[in-house]
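A.B. asks: Take this structure, written in structure tokens, and hold onto it; I'll ask about it next.
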Amino acid sequence: MATMTSSETDKIESPKKAFRLSPAAISYLQATPLTVILGAFLLLPIAMIAVVSFWDYDFAQMYPDFLTMNYAETLGSWVTWKTYLNTLKFAVIVWAITVFIGFWVAYFLAFHIRTTAMQMVLFLVCTVPFLTSNIIRMISWIPVLGRNGIINSGLIHSGIISEPVEWLLYSDFAVVLAMVHLYTLFMVTPIFNTLMRIDKSLVEAARDAGASSVQILTNVIIPLAKPGIAIGTIFVVTLVMADFSTVQVMSGGQSASVALMMKNQMSLLQYPAAAANAVVLLVLVLLMVAGILRIVDIRKEL
């Protein structure tokens, strides 16, 4: 009977080593689907917009080129600067109102409602108006704020005013009011999520140490709620900066925003000019978000 050599015996006795990927390769494979999706649906469209922003155009078509004319017209026009400032004005005012309303609504739900079930019920009640279309919720203000609307009719019948108030509708006030109505929930949700994570024993410890309600609010709750406020700020600011329908409808064409300006440019087939404005607006929003992230660390909430 033939005898096997020691090397042949080792090959039989030792199991075959399974093929294994390195941890780095596994990480890359896990990140590949998300990378493909973000590349195809986010980075590629942004890159196309950036490329088109350098093209030439006329009333009929676009011409591939590399011109800085569109950026020169965008950044060199005082009308454009006023439009950007008007958009920033809307963003700041709406942010200030929504952060005030959103914080107190979230604070009430988190600290004054004892049971989790009732907290969820009341939070869902807050979301009920958002089950309808933005357009419907926006134009629902017209019969309320109009010249013959509910508010003016009530004020006239009560004798407070003798003639209708004109600035309630088709004004900056109406634009801000509609935006606050549309975007407050985007501030309530992240703040409520942050406040629910606060350990209630911290509040009790501060109260046992003699802190007043105002001191607890300013020294304990608000500092711990900063990540939620930052996330809500990013949501609200980006939504306001990109909103054109609310400005168009609620101002009656008497006000302007960057998004509305881009919409008008696209309706006139001025796509390269609109793309240049889109790139400038994107850079502005990214700078604002970067500034927020430098001030507040939101990684704990993600």
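Readers should treat all values here as calculations from the given coordinates under stated rules, not as data from a laboratory. In this text, all values refer to a predicted model and were calculated from it rather than measured experimentally. All Cβ positions, glycine included, derive from the backbone under ideal geometry; neighbour counts span all protein chains shown.
A.B. asks: Could you give the angle, 0 to 90 degrees to the nearest 10, between helix 116-127's Cα long axis and the longest principal axis of the Cα atoms of the chain?
C.D. replies: 60
A.B. asks: Name the residue, out of Ala174, Ala25, Ala290, whose mean-square fluctuation peaks in a Gaussian network model built on the chain with Cα pairs under 10 Å.
C.D. replies: Of Ala174, Ala25, Ala290, the most mobile in the Gaussian network model is Ala25.
A.B. asks: OK, next. What FRET efficiency, computed as 1/(1 + (r/R0)^6) with R0 = 45 Å and r the Cβ-Cβ distance, is obtained for Thr218 and Arg147, rounded to the nearest 0.05?
C.D. replies: 0.55
A.B. asks: Only helical DSSP H runs with n ≥ 4 go in: add -39500 (n - 2.57) per run for the chain, normalise by residue count and round the 222 nm mean residue ellipticity to 500 deg cm²/dmol.
C.D. replies: -20500 deg cm²/dmol
A.B. asks: Considering Cα pairs under 8 angstrom that are at least six residues apart, work out the relative contact order of segment 30-81 and quote it in whole percent.
C.D. replies: That works out to 20 percent.
A.B. asks: Cβ neighbours within 10 Å, averaged per peptide: list 193-199, 217-223 in order, most packed at the top.
C.D. replies: Taking the mean over residues of other Cβ atoms within 10 Å, the ranking is 193-199, 217-223.
A.B. asks: Which whole-Hz couplings ³J(HN,Hα) result when phi for each residue of segment 167-182 is put into the Karplus expression 6.51 cos²θ - 1.76 cosθ + 1.60, θ = phi - 60°, listed in order with x for Gly and Pro?
C.D. replies: 7, 5, 10, 6, 7, 5, 4, 5, 5, 5, 4, 5, 5, 4, 4, 6
A.B. asks: Now, a different point. If each residue of separation counts as 0.36 nm, what is the full-extension length gain between Met118 and Gln61 once their alpha-carbon separation is subtracted?
C.D. replies: 14.7 nm
A.B. asks: Taking the chain as a Gaussian network, Cα atoms linked when under 10 Å apart, which of Gly39, Gly102, Gly146 shows the biggest mean-square fluctuation?
C.D. replies: For the chain, modelled as a Gaussian network with Cα springs under 10 Å, the answer is Gly39.
A.B. asks: What number of lysine-lysine pairs in segment 78-301 show an alpha-carbon separation below 29 angstrom, given a sequence spacing of 8 or more or placement on distinct chains?
C.D. replies: Taking segment 78-301 as the scope, the lysine pair count is 6.
A.B. asks: Now for a separate question. Given the alpha-carbon gyration tensor of segment 175-302, what are the semi-axes of its equivalent ellipsoid in whole angstrom, ordered largest first, with each equal to the square root of 5 times an eigenvalue?
C.D. replies: Whole-Å semi-axes of the equivalent ellipsoid: 39, 16, 10.
A.B. asks: FRET efficiency for Trp104 and Glu163, Cβ-Cβ distance as r, R0 = 35 Å, nearest 0.05?
C.D. replies: Once rounded, the FRET efficiency stands at 0.50.
A.B. asks: Specify, per residue and in Å³, the volume enclosed by the convex hull of the alpha carbon atoms belonging to the chain.
C.D. replies: Taking only Cα atoms, the chain has a hull volume of 310 Å³ per residue.
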